[in-house]
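The values are calculated or read from the model by the stated rules, or taken from the named source; none is laboratory data. Quick caveat: nothing in here was measured; it's all calculated off a predicted structure. Neighbour counts are summed over all protein chains in view; Cβ atoms, including those assigned to glycine, are modelled from backbone coordinates with ideal geometry.
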Amino acid sequence: MSITLEEEGYHRHPLADKLRAGNTGGLLLIAAMLAALIFANTPLSGLYFGVRDTHVGIPGWEATFHTVGEWASEGLLAVFFFMVGLELKAEFVDGELRNPRKAVVPIVAAFGGVAVPALIFAGINLAWGSGETLRGWAIPTATDIAFAVSVLAVVGSALPGAMRTFLLTLAVVDDLIAIVIIAVVYSEGVNFLYLALTVVPAVAFWALTHCFPGFFSASSWAAWVILLPIGLITWLLVYSAGVHATIAGVVLGFMVPVLRHTKPGPGESHAGLAPRLAHRFSPLSNGLAVPLFAFFAAGVAIGGWDGVVSAFTDPVALGVVFGLVFGKTIGIFCSTWLLTKLSPAEIDRSMKWVDVLGLAMMGGIGFTVALLVAELSFGLGTEFDDHAKVGVLSGSLISAVLGGILLSFRNAHYKRLRAEEPDDAEAPGAA
């Protein structure tokens, strides 16, 4: 979602503008991940794991007492998912995904990108593993939205905007599928009372954003003082219900109006409240929420060379790596190709099939939900859990490098096209 609101009187702050840039957010995310790995595998590991595993919560509310790492995963990441919800709704209402023939392609690609990695993991563990290791079949099914989109931002400044939309939609649907898997396969039950209570603040959020969009657009404090607390209540009820709390962020993002309900005045755009909230909250997401989440989620004690050897002789790690690197690429690319050949659906004209291949490779960046499923499958701190996490980190790194190299070449190609045809910012070019 392109945010260009300065002409409508928005105050600009240099630091906030820097944090809104995709490249800055991606670099902060990668730096946080590397810092976590360093902390977890040096003499500082005691301090790192001590902080990460400290339990905090609301006094008197036992259900809220969880570790700092868990709060970072399900709490801070909800801010990013809110931004994702805003952007996706904008694309469906006033963007590339208005065309059903285009919208269906990344959705089907996401299902292919879930099925094939799961089958690869299951095949490897049926051949060399056991019934216990098969419990991890869902680990390589999820694409990490934050990492994949951030890597794309770092290597793809000149790539067509449709590529980011494709990857974003694919990753969101992919993670939603993984969350459904968690709820069905790994969840111990949903508290339907809390789930029902969630409707109250959610409806209030919808009513306020639809009935008073002008107030929240014009006021610099109302979104923080009124909407943010309502969002926190919604998130807390979803979390207490036993549903992955980041879903609350996506739902609230989809409730915000994208377009004005009234005719814009002279010098005003037709944009609604959604781009304005994205403008206000993106520094919080890019500069604080996502990097802190990455720092607490990425710290895995590898155990030196012996730990690496032990991990990669385990079918769990092998299944995760092959599932992420090969399963994601094959599943996403082949399902996209088959859909466009067997139906009227089509990829965006600004994209080429080599671009889709690069995005399919990027789909193998599995991190957040993958690490969560590993813990749910084998138990935190067990040998299989550690090996699965080594597989997640290794497979994600390989996918990021391979996809990043291919897309960096494509990025250079599109830069050349733009230099030759400066008036055509989305020139598709020949592959």
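Observations
- One residue from Val354, Val392 being over 18 Å from the mean Cα position of the chain (by Cα), modelled with pLDDT of 85 or more and not charged (D, E, K, R): Val354
- Being hydroxyl-bearing (Ser, Thr, Tyr), closer than 19 Å to Asp355 by Cα and either crowded, with 20+ Cβ neighbours inside 10 Å or in contact with a helix residue (DSSP H, G or I) (Cβ under 7 Å, 6 or more places away or on another chain) (or both) holds for only one residue in Thr67, Thr165, Thr133, Thr141, and it is Thr165.
- Any hit, the stretch 295-305, residues being surrounded by fewer than 19 Cβ atoms within 10 Å (Cβ to Cβ), out of contact with any helix residue (DSSP H, G or I) (no Cβ under 7 Å at 6 or more places or on another chain), in a helix (DSSP H, G or I) and at pLDDT 85 or above: no
- Where helices (runs of 4 or more DSSP H) fall entirely within the stretch 186-286, those with at least 1 residues that are modelled with pLDDT of 85 or more and crowded, with 19+ Cβ neighbours inside 10 Å are at 199-211, 228-240, 246-255, 273-284.
- Residue in the stretch 83-94 that is of a type in the set (D, E, K, R), over 24 Å from Ser399 (Cβ atoms), free of Cβ contacts under 8 Å to residues at least 24 places away in the same chain and surrounded by fewer than 18 Cβ atoms within 10 Å (Cβ to Cβ) present: no
- Test: residue in the stretch 377-397 that is farther than 19 Å from Phe312 by Cα and surrounded by 18 or more Cβ atoms within 10 Å (Cβ to Cβ): no
- Of all the listed residues (Gly85, Gly112), the sole one being of a type outside the set (Ser, Thr, Tyr), in a helix (DSSP H, G or I) and in contact with a Cys (Cβ under 7 Å, 6 or more places away or on another chain) is Gly112.
- Out of Ala153, Ala158, sole residue that is under 15 Å from the mean Cα position of the chain (by Cα) and hydrophobic (A, V, I, L, M, F, W, C): Ala153
- The set of residues from the stretch 334-374 being in contact with a Gly (Cβ under 9 Å, 6 or more places away or on another chain), over 26 Å from Phe409 (Cα atoms) and surrounded by fewer than 18 Cβ atoms within 10 Å (Cβ to Cβ) is empty.
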